[in-house]
Amino acid sequence: GTVDMGGKQSTSGDVSVTQTPVTESIQDAYKAGDTSKAQELIRLSCEETALQVEKCQLLGIAAAYGDLQAVRYLLKEALVVLPTEPNDDNAAVVAAYFGHKDIVKELLDSLRGKPRADPASPRVFQELCAAAPSWHLGPNTCQQLLNWMLAIACQQGHLDIVKLLIRAYSADPESCAVRRNEFPVLIRLPLYAAIKAGNEDVAVFLLRNGAFFCSYILMDSPESSKHLLRKYFIETTPLPGSAPAKTALCVNWSNLKLPWVDLDWLIDISCQITELDLSANCLVSLPSVIPWGLINLRKLSLADNQLTELPSVQSSDEIICTRLLEVDVSSNRLSTLPTGFLHLKNLKKLIASKNSLEKLFDEENTINWIGLRKLQEFDVSDNRLVELPTVFLYCFKSLNMLNVSRNQLKVFPDPWACPLKCCKASRNALEFLPDALTVFWKNHLREVDFSENSLKEVPAGLFQLEALVSLKLLGNQLVTLPSQDKWNCKQLKSLDLSKNQLGKSDEGFKTKRIPFFTTKNRVRGGPEAGPFLEFPAFLSDSLEVLYLNDNQLDSVPQSVCLLKGLTELYLGNNPGIRELPPELGQLANLWQLDIEELNISNVPAEIRKEGPKTVLAYLRAQLRRAEKCKLMKMIVIGPPRQGKSTLVEILQTGKVPQVMHSEATIRTSKWELPKPVGHKAKVDSVEFNVWDIGGPASMSTVNQCFFTDKALYIVVWNLALGEEAVANLQFWLLNIEAKAPNSVVLVVGTHLDLIETKFRVERIATLRAYVLALCRSPSGSRATGFPDITFKHLHELSCKTLEGLEGLRQLIFHVTCNMKDVGSSICSQKLAGRLIPRSYLSLQEAVLAEQHRRSQNDDVQYLTDRQIELMIEQTPGNDIKDYEDLQTAINFLIETGTLLHFPDTSHGLRNLYFLDPVWLSECLQRIFNIKSSKSVAKNGVIRAEDLRMLLVGTGFTEQTEEQYFQFLAKFEIALPVANNSYLLPHLLPTKPALDIHGLCHQTANTVQRVFKMSFVPVGFWQRFIARMLISLAEMDLQLFENKKNTKTRNKKVTIYSFTGTQRNRCSTFRVKRTHTVYWQEGLFVTFDGGYLSVESSDVNWKKKKSGGIKIISQSEVRDFSAMAFITDHVNSLIDQWFP
């Protein structure tokens, strides 16, 4: 049996199923309102039968009466499977019929086997149906069920169910619901069903969500259709220039697939319509009132229909739509434009593209026409026009956009008086262009497109259009262009000359170089000279995009290299181009360089692969007479007395030194390492400026000022000292990564001969494991703050027996040849053999000569900014012109060890260039020679005037002493703690001078905090202690002033900006100090009722690389503001100096 679907139903009546005593009892219970009894009967029935058919009947009854609880029981516990066969007995269809949305959702979700997470998510149900092989159902079966439910819900007027089915389950509002082997029935079409049943809200929703009108709907329900179109698809606005009571109507009947428009729909509102959109329908004809009888019509769109003509008019008197401003009849089947358009004196925009136009207007039937004198935009592209009659065009007095592309035009009309800005005539059959383009359009035309025609030449007037911005001439047969002295298009930004025959010679040969963009006047030669092209020099200021690809050029025109504003250059598929001129490297703005299908011989393939930026950088290097540079900087460092200087000597000489080296702070030398036999490198040797940095342990902190980036670091340690020596490597490795992150580090163990031969292999393996444990995390990844060191970067040798020496030389050569020139514009470039401009090398020679001269005269070994600039100006062949290039040159000198400079510093230090590291080291040694016991530096603090005295005899003047102090602060050698004193961290003891643990009393009023850090930043403790001494001094001063009740401070103490801006919580801590003790990695302050302590937490290198910072605050009154005071200082210091 079937449910009676005759009319809209909101309450459940009798559900027609195969009646049995059980089903009758269940329905009687529901009718009586006894849902519990009905549910119990359903449960008992399910326990007694195992037949799916009977259970499905029960499911249909529960769905009909909206019993969600019973439905869930049947689906989840009784395991009823919802059939997907579309029929009226299906429980889902029944639920849709009676309007039970929650039941519909539950039933459809059951097909997925689990609840839906988001019922509003689209297309999930369709995906389910497509992936449901376990039920042996195709997606069509599921979709048919959905469409059946949708049709029923539309007929019954259940809008919420209609929305659910379309939005959440992707039911098709345009599909007719059918059962297997049945023909479509109109009542099963959702929109037809909704309109027939009078369910207006459902019909509107369907129309706005993909449903369309069809002829059956319009014929069977004409009044309902008209009502829907008039009520829901027309917007009202005040009618301009009319009485207040009048309203303007914007009719939007687009994309409804209307087969026709009935005159009755519009006749009574025709005088109010200002906008009419009938696009994307199925119209083959129009009522006579459209458009000629719509007196107030401003905008008409008939695009994308099947119109072959518009309604005809017998005379101009019938045309009353003279207010029309825009008409769009594109994508139809018109063979000619309606002559009525010629009477639309106010029309500004006419779009008739993609039709079948063979002529513009039927000239025989045009009488008494005024012409489209106000027309501004005219588009008849994609038609079959063979000509553009000037009788019509010359009336377009206001035209500024003309598009006649993709027609069959052989002639372009002579220009006429109009302000034409854009002319598009591509893909026609034009063989020539009119000469007089400048007569009317000289100051108007901005965009011109004559691409893909048959032009063999172009008139000079085309290049005399002064407003021209874009010109496309691609895909023609051009061999040459007008002489450059006839050009005047100074605003031209884009020029497309691709796919022509530029460079072709009629005599069958090509000139070697075609002079584009010449700045000199040339005398045109005879035919034997071959064709040539001239382009004016002013294009270098305006042109941004140039297409020369797919021509017959033999070379890249030299004058292209003058186009400094060029951002895109296309040269591809010119088989004759074999080289790129180095001058192309001057085009700094060029980001797109097309050299596809070119066999370029002067640019290596690996360079070309990296793209335009790298190619241009390579060409720029050639232009600047760049030479391959194999000079690098090698820095040999490590703890004192490890054999660094001995290692350097045996590397260079291959012999064991006979004389012990003194503890000099730094030694410099040069070393050339030839390529080992069998090594496949592009350089025959590498050269090093070797800086052997040593000296006493007290100088280790200052040595970091000699660390520079892109260098090879040899970290030397004594194998015989074992694990203790490994732990000491941490300081050096952290320093290198902090100061020179783009360098390569080799860790070289010396004194190999002191390890017994029989235990050597095992012992070396153990020590290597310890070194790697220091530099890498347990997972094997690089440890934070450490250089990238693997087992390949470890080596051991004996400076006594020279065992391992040759292996170390090979290792040094190998890693050096693989070091990348990080930051170089040529990305793939290696440091060894990198291209360096000749001017940089000349500057290097001048700097070395100046360093030698000053050394001979015992003069100061630094230059100022001005002196460097003068040196550059006086260097022969100098091409260093701008600041950025100067900095690149300076970086080269720094990276090769030619000079020392610190461009990242503030104030005056960046203005000094140190020529000799040995001289600078000797200046710094004066500070490190101060003993803590001397009165000049008490408790590690020295007065500014005493520090100034140490400069006497160094060559630093009053003008440069400030830079010197900044240098000391940058490298934590001397840190300002007040306006007249400096902290010398190297004089601080390694441990507290007092027994601070004896001053501490363990109580319950103690708070401890530990900053766990993968590594403590280099220089942290020095800066932290200096900062704390400043804050404590300020605290004492404020306490003193508060005690005296001083309202105004007569003399302020100036604190250097070194401390940075303090956070507010730092100022809340106020105590009167009794003891202050500080050492290299700690600070201890006692006061009445407590103390605070900051020190390095325990470091056990076997367990962890570093502990971090430990803070302890004790207060008898439980005032722990000291903890916040210290924490804020630590955080602000890290933020400011170690981000």
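The values are calculated or read from the model by the stated rules, or taken from the named source; none is laboratory data. Source: prediction; values computed, not measured. Ideal geometry is used to build each Cβ from the backbone, glycine not excepted, and the neighbour counts take in all protein chains shown.
Miscellaneous remarks
- Listed by first and then second residue, the pairs linking a residue in region 25-36 that is in the same structural domain as Gln69 (by TED's automatic domain parsing) to a residue that is part of a helix (DSSP H, G or I) and surrounded by fewer than 16 Cβ atoms within 10 Å (Cβ to Cβ), with Cβ atoms under 6 Å apart and 6 or more places separating them unless they lie on different chains, are Ala29/Lys37.
- Boolean, Leu752 is under 17 Å from Gly722 (Cβ atoms), hydrophobic (A, V, I, L, M, F, W, C) and surrounded by 19 or more Cβ atoms within 10 Å (Cβ to Cβ): yes
- Val636 vs. criteria more than 30 Å from Val747 (Cβ to Cβ) and among the aliphatic types (A, V, I, L, M): no
- Checked against the criteria, Leu350 counts as at pLDDT 95 or above and aliphatic (A, V, I, L, M).
- When Asp858, Asp865 are checked against the criterion of being more than 37 Å from the chain's Cα centre (by Cα), surrounded by fewer than 18 Cβ atoms within 10 Å (Cβ to Cβ) and at positive phi, Asp858 stands alone in meeting it.
- Residue match in region 191-213 (condition: in contact with a Phe, Trp or Tyr (Cβ under 9 Å, 6 or more places away or on another chain), at pLDDT 90 or above, in a loop (DSSP other than H, G, I, E, B) and surrounded by fewer than 20 Cβ atoms within 10 Å (Cβ to Cβ)): yes
- Residue match in region 1022-1045 (condition: modelled with pLDDT under 80 and part of a strand (DSSP E or B)): no
- When the test is whether a residue is in the same structural domain as Thr784 (by TED's automatic domain parsing), surrounded by fewer than 18 Cβ atoms within 10 Å (Cβ to Cβ) and of a type in the set (Asp, Glu), Glu724 passes it.
- Cβ-Cβ under 9 Å pairs, at least 6 apart or on other chains, region 867-889 side outside any loop (DSSP other than H, G, I, E, B), far side acidic (Asp, Glu): Gln867/Glu850; Met871/Glu850; Asp885/Asp879; Leu886/Glu869
- Residues that are small (Gly, Ala, Ser) and in contact (Cβ under 8 Å) with a residue 12 or more places away in the chain within region 629-676 comprise Gly638, Gly643, Ser645, Gly654, Ala664, Ser669, listed in sequence order.
- Scan of region 770-781 for residues that are in contact with a helix residue (DSSP H, G or I) (Cβ under 7 Å, 6 or more places away or on another chain) and free of Cβ contacts under 8 Å to residues at least 40 places away in the same chain, ordered by number: Leu772
- Entry remark, region 83-104: residues being free of Cβ contacts under 8 Å to residues at least 60 places away in the same chain and among the charged types (D, E, K, R) number 1 in total.
- Residue in region 756-775 that is in the same structural domain as His795 (by TED's automatic domain parsing), modelled with pLDDT of 90 or more, of a type outside the set (A, V, I, L, M) and part of a loop (DSSP other than H, G, I, E, B) present: no
- Check on Val458, within 24 Å of Leu502 (Cα to Cα) and out of contact with any Gly (no Cβ under 7 Å at 6 or more places or on another chain): yes
- Every residue from region 801-823 that is among the acidic types (Asp, Glu) and in a helix (DSSP H, G or I): Glu806
- Just one of the listed residues (Leu994, Leu983, Leu947) is modelled with pLDDT under 75 and of a type in the set (A, V, I, L, M), namely Leu994.
- Taking residues in region 158-175 that are more than 12 Å from Leu206 (Cα to Cα), and partners anywhere that are aromatic (Phe, Trp, Tyr) and assigned to a helix (DSSP H, G or I), the pairs with Cβ atoms closer than 7 Å and at least 6 places apart or on different chains are Tyr169/Phe125; Ser170/Phe125.
- Residue in region 733-740 that is among the aliphatic types (A, V, I, L, M), in a loop (DSSP other than H, G, I, E, B) and touching a Pro at 6+ places or on another chain (Cβ under 9 Å) present: yes
- One residue from Glu457, Glu466 being under 19 Å from Val411 (Cα atoms), of a type outside the set (A, V, I, L, M) and outside any strand (DSSP E or B): Glu457
- Taking region 581-698 as the region of interest, the helices (runs of 4 or more DSSP H) fully inside it that hold 3 or more residues being closer than 30 Å to Leu811 by Cα and not polar (S, T, N, Q) are 605-608, 644-653.
- One residue stands out in region 83-107 among those that are among the acidic types (Asp, Glu) and closer than 12 Å to Asp67 by Cβ: the one that is surrounded by the fewest Cβ atoms within 10 Å (Cβ to Cβ), namely Asp102.
- Residues satisfying the stated conditions in region 404-444, i.e. crowded, with 18+ Cβ neighbours inside 10 Å and over 46 Å from the mean Cα position of the chain (by Cα): Pro415
- All positions within region 788-815 that are among the small types (Gly, Ala, Ser) and over 46 Å from the mean Cα position of the chain (by Cα): Ser798, Gly804
- Any hit, region 225-236, residues being in contact with a Pro (Cβ under 6 Å, 6 or more places away or on another chain), more than 23 Å from Glu318 (Cα to Cα) and of a type in the set (A, V, I, L, M): no
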